[in-house]
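First up is the structure itself, then whatever we jot down about it.
The values are calculated or read from the model by the stated rules, or taken from the named source; none is laboratory data. None of these values were measured; they are calculated from a predicted model. Heads up, the Cβs are rebuilt from the backbone with ideal geometry, glycines too, and the neighbour counts pull from every protein chain shown.
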Amino acid sequence: MQIKLQFLGAAQNVTGSCHALEANGTKLLIDCGLYQERHFKERNWAPFPIPPKSIDAVLLTHAHLDHCGLLPKLVKEGFKGRIYCTPATAEIVQIILLDSAKIQEEDAEYKRKRHARQGQKGPYPEEPLYTIEDAQACFPLFSPVDYREAVSLGEGVEATFYDAGHVLGSSIIRAKVRQNGQERIILFSGDIGRPDRPIVCDPTIFDAADYILVESTYGDRVHEETKDVKKKIGEVINAAKKAGGKIIVPSFALERSQEVLFYIKELLLEKAIAPMKIFLDSPMASRITEVFKRHSELFDDQMAQFIKKFGSPFDMPQLEMAGNAAQSKAINDIKGTIMVIAGSGMCTGGRIKHHLVNNISEPQNSIMFVGYQAVGTLGRQIVDGAKQVRILGQQYVVKAKIIRIHGFSAHADRDELLKWLKALKTPPRKIFIVHGETESATNFSDYVKAQTGWPVSVPAYRDEVVLD
């Protein structure tokens, strides 16, 4: 029995998630993500390590850009197979890819103008990585699959999607391979969520698997208590109100923006904060919020009961969706304390950059980070304490208050990941630690070995292994 597994992304780094599985003549990609760390971005432009035409299908764990953002490039370079994921993921991916393509086009145009003005060239081509037309070419290839519905992908190869509890529609993918009367189960964790979080259900646990690829974004640390998150948001809002400043929130359009709104509605109901104007300045986040409304069957019991009693946190009188660019720019003219939630979550593109330009150098303002900031991103530079940052080609002094709320994470921490693994009733043949910075992945590998005695490794980019 021979199964080949190749690590084509998120191997000793966080973004660019992509793994190739080959068995019985069937070749699959699990995720096809965009690299967002600055020092890995050249990989977005490089040819795919395996010919796209040779891939039979893509399985998507969820809709975050670092898991789906290279699909348009894959299709553009020859992929013609099916793209399998849950229905909610299919809807959200299409929104995210169109937004990403628009940003790619706008950034390329901006760079062309800037470089022409400065008489220089940048490190990447002055053309978009892919266009809106390229993104749209992916859409006919989507084949939505419900949770726990097995999909046959080739002779003796099938996959089943289970709730990962990370974001709406997110999945842990269980691949099953049969050869010569034997069977092997490979689990692809995708991003594993945390138990007892609002909106989404808890991650699915498994009692058996031969091989597991498990994420390690927070594999070397334990999160602060989630119950403190709402309190901290309230403290930030009240302090900003006292200072007369604005609160700028770089936030992922998927899940994080919706969670922020959930906590704000709770704070308003509790009268822990005074009413204020909240702008969701992200057409993508607004469209994704509509997907949440359509897929209320995916909400956990807590969210279902909340809506029944208090109404949707996505329908507040204080909340305004900023649609076009003119509405977004008009926010800058508003005086007093307001909250602006905008993407991207790591400040790598989108409207958040313009809000940072207008607010980061004013000491009365607050920049509130509610998500992970990968090494090499603008967000990481800011939270690491940079005194000056480069935004849209210009240097800006950082004077605003920088606040980081850790307990917000949609990723399981070290102890939660270990608990998920230890639910197995029999030891796996091997565990591969992926989707984490080298130090985090290595530390988690050592921790799992020490706690379980199981065989664990931390593969490097483009490593290939044969699963017996």
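Pull out all pairs, ordered by first then second residue, where Cβ-Cβ is under 9 Å, the residues are six or more apart or on different chains, the first lies in the stretch 366-385 and is under 20 Å from A441 (Cβ atoms), and the second is of a type outside the set (G, A, S) and assigned to a strand (DSSP E or B).
Pairs that qualify, where the first residue is under 20 Å from A441 (Cβ atoms) and the partner is of a type outside the set (G, A, S) and assigned to a strand (DSSP E or B), are G371/P250; Y372/Y218; Q373/P250; Q373/R404.
Inspect all residues belonging to the stretch 278-298 and state whether any of them is among the β-branched types (V, I, T) and more than 20 Å from V93 (Cβ to Cβ).
The answer is yes; a qualifying residue exists.
If the requirement is being within 30 Å of N332 (Cβ to Cβ) and of a type in the set (F, W, Y), which of these qualifies: Y461, Y372, Y447? Show your work before the answer.
Values: Y461 fails: within 30 Å of N332 (Cβ to Cβ); Y447 fails: within 30 Å of N332 (Cβ to Cβ).
After applying the criteria, what remains is Y372.
Can you find, within the stretch 32-83, the residue that is farthest from the chain's Cα centre (by Cα) among those that are surrounded by fewer than 20 Cβ atoms within 10 Å (Cβ to Cβ) and of a type in the set (A, V, I, L, M)?
I50
Is at least one residue of the stretch 252-269 in contact with a helix residue (DSSP H, G or I) (Cβ under 9 Å, 6 or more places away or on another chain) and farther than 21 Å from V370 by Cα? Quick ask: steps written out before the conclusion?
Of the stretch 252-269, the ones in contact with a helix residue (DSSP H, G or I) (Cβ under 9 Å, 6 or more places away or on another chain) are 252-267, 269.
Remaining after also requiring farther than 21 Å from V370 by Cα: 269.
Yes.
For M346, indicate whether it is more than 22 Å from Q104 (Cβ to Cβ) and buried (at least 18 other Cβ atoms within 10 Å of the Cβ).
Details: more than 22 Å from Q104 (Cβ to Cβ): no; buried (at least 18 other Cβ atoms within 10 Å of the Cβ): yes.
Spelling it out, it is not the case that M346 is more than 22 Å from Q104 (Cβ to Cβ) and buried (at least 18 other Cβ atoms within 10 Å of the Cβ).
Is it the case that some residue within the stretch 226-239 is over 23 Å from V383 (Cα atoms), at pLDDT 95 or above and aliphatic (A, V, I, L, M)? Quick ask: steps written out before the conclusion?
Of all residues in the stretch 226-239, those over 23 Å from V383 (Cα atoms) come to none.
Within the stretch 226-239, none of the residues are over 23 Å from V383 (Cα atoms), at pLDDT 95 or above and aliphatic (A, V, I, L, M).
Among the residues of the stretch 1-27 satisfying the criterion of being among the aliphatic types (A, V, I, L, M) and under 23 Å from E437 (Cα atoms), which is surrounded by the most Cβ atoms within 10 Å (Cβ to Cβ)? So that I can check it myself, show each step before the final result.
Taking the stretch 1-27 first, the residues among the aliphatic types (A, V, I, L, M) are 1, 3, 5, 8, 10-11, 14, 20-21, 23.
Remaining after also requiring under 23 Å from E437 (Cα atoms): 5, 8, 10-11, 14, 20-21.
Values: L5: 23, L8: 23, A10: 29, A11: 25, V14: 31, A20: 21, L21: 25.
Restricting to residues being among the aliphatic types (A, V, I, L, M) and under 23 Å from E437 (Cα atoms), the top hit is V14.
Outside any helix (DSSP H, G or I) and of a type in the set (S, T, Y): which single residue out of S328, S286, S312 fits that description? Outline the logic, then answer.
Working: S328 fails: outside any helix (DSSP H, G or I); S286 fails: outside any helix (DSSP H, G or I).
Step by step, each of S328, S286, S312 is checked, and only S312 is outside any helix (DSSP H, G or I) and of a type in the set (S, T, Y).
I'm checking my understanding of the structure. Among residues of the stretch 392-449 that are of a type in the set (G, A, S) and surrounded by fewer than 19 Cβ atoms within 10 Å (Cβ to Cβ), which one is nearest to A63 (Cα to Cα)? First the steps, then the outcome.
First pass over the stretch 392-449, keeping only residues of a type in the set (G, A, S): 393, 400, 407, 409-410, 412, 423, 436, 440-441, 445.
With the extra rule that they be surrounded by fewer than 19 Cβ atoms within 10 Å (Cβ to Cβ), the set shrinks to 393, 407, 423.
Working: G393: 29, G407: 22, A423: 26 Å.
Ranking the candidates gives G407 first.
Every residue in the stretch 397-444 that is in a strand (DSSP E or B), assigned by TED's automatic domain parsing to the domain that holds I248 and more than 24 Å from L254 (Cα to Cα), please.
Residues satisfying the conditions are V397, K401.
Cβ-Cβ under 7 Å, sequence separation 6+ or interchain: first residue in the stretch 98-125 and part of a loop (DSSP other than H, G, I, E, B), partner at pLDDT below 80 and among the basic types (K, R). Which pairs?
These pairs meet every condition: G122/K111.
Within the stretch 350-364, which residues are assigned to a loop (DSSP other than H, G, I, E, B) and either at pLDDT below 95 or surrounded by 23 or more Cβ atoms within 10 Å (Cβ to Cβ) (or both)?
Kept after step one, since they are assigned to a loop (DSSP other than H, G, I, E, B), are these residues of the stretch 350-364: 350-351, 360-364.
Of everything in the stretch 350-364, those that are assigned to a loop (DSSP other than H, G, I, E, B) and either at pLDDT below 95 or surrounded by 23 or more Cβ atoms within 10 Å (Cβ to Cβ) (or both) turn out to be G350, R351.
Name the residue, out of V222, V260, V249, that is touching a residue at least 24 places away in the same chain (Cβ under 8 Å), surrounded by fewer than 19 Cβ atoms within 10 Å (Cβ to Cβ), touching a strand residue (DSSP E or B) at 6+ places or on another chain (Cβ under 8 Å) and among the β-branched types (V, I, T). Can you show your working first?
Details: V260 fails: surrounded by fewer than 19 Cβ atoms within 10 Å (Cβ to Cβ); V249 fails: surrounded by fewer than 19 Cβ atoms within 10 Å (Cβ to Cβ).
That would be V222, the only listed residue that is touching a residue at least 24 places away in the same chain (Cβ under 8 Å), surrounded by fewer than 19 Cβ atoms within 10 Å (Cβ to Cβ), touching a strand residue (DSSP E or B) at 6+ places or on another chain (Cβ under 8 Å) and among the β-branched types (V, I, T).
Filter the stretch 95-114 down to the residues that are modelled with pLDDT under 90 and acidic (D, E), then identify the one that is farthest from the chain's Cα centre (by Cα).
If we take residues in the stretch 95-114 being modelled with pLDDT under 90 and acidic (D, E), then E109 is farthest from the chain's Cα centre (by Cα).
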